[in-house]
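Peer 1: Shown below is the structure under consideration.
The values are calculated or read from the model by the stated rules, or taken from the named source; none is laboratory data. These numbers were taken from a predicted model, which means no experiment stands behind them. With ideal geometry, Cβ positions are generated from the backbone for all residues, glycine too; neighbour counts draw on all protein chains shown. Just so you know, the surface numbers come from the protein's heavy atoms only, side chains and all, with ligands and any DNA or RNA stripped out. Shrake-Rupley method; radii C 1.70, N 1.55, O 1.52, S 1.80 Å.
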Amino acid sequence: MATYYHPVTGVLLNHITVQRSNLGWLERETARLLRRDGLSQQQIAAKLGTNQGRVNEALADDDDDGEGSSGASGQASLF
């Protein structure tokens with residue numbers, strides 16, 4: 001990952017090259033594989049260029065077809 005220094009403070013920063021507002025099937029599968037390899041959700045989010053919430057959703061979708069655990073009604077199932 002490329003780094004650079006902030007011009008005023010001199011703090012070392014990471015250059016963000018990939019930004020994703022959503023995760024497709026392939027990105028979600030990649031998140032699952034990275035988690036299996038022991039990476040934290042924060043690390044996975046940084047690698048995929050997204051936020052931890054989206055990674056959390058991707059990991060929660062592990063048991064279904066990627067539509068989320070809330071079903072069609074938007075309510076989480078108790079069973």
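Peer 1: Tell me which residues, restricted to region 41-52, are open to solvent by 40 Å² or more (accessible area, probe 1.4 Å) and of a type outside the set (D, E, K, R). Working first, answer last.
Peer 2: Applying the first criterion (open to solvent by 40 Å² or more (accessible area, probe 1.4 Å)) to region 41-52 yields 41-43, 46-47, 51-52.
Listed by number, the residues that qualify are 41, 42, 43, 46, 51, 52.
Peer 1: Inspect all residues belonging to region 6-16 and state whether any of them is modelled with pLDDT of 95 or more and either touching a helix residue (DSSP H, G or I) at 6+ places or on another chain (Cβ under 6 Å) or open to solvent by 100 Å² or more (accessible area, probe 1.4 Å) (or both).
Peer 2: yes
Peer 1: I'm trying to understand the selection: among the residues of region 17-29, which are open to solvent by 90 Å² or more (accessible area, probe 1.4 Å) and not in a loop (DSSP other than H, G, I, E, B)? Show your work before the answer.
Peer 2: Our first condition is that a residue be open to solvent by 90 Å² or more (accessible area, probe 1.4 Å); within region 17-29, this holds for 17, 19, 22, 25-26.
Matches in region 17-29: 25, 26.
Peer 1: Test residue 56 against the stated conditions and say whether it is of a type outside the set (D, E, K, R), open to solvent by 60 Å² or more (accessible area, probe 1.4 Å) and assigned to a helix (DSSP H, G or I). Step through it out loud before you land on a result.
Peer 2: On the way: of a type outside the set (D, E, K, R): yes; open to solvent by 60 Å² or more (accessible area, probe 1.4 Å): yes; assigned to a helix (DSSP H, G or I): yes.
Yes; evaluated as a whole, the condition is true for this residue.
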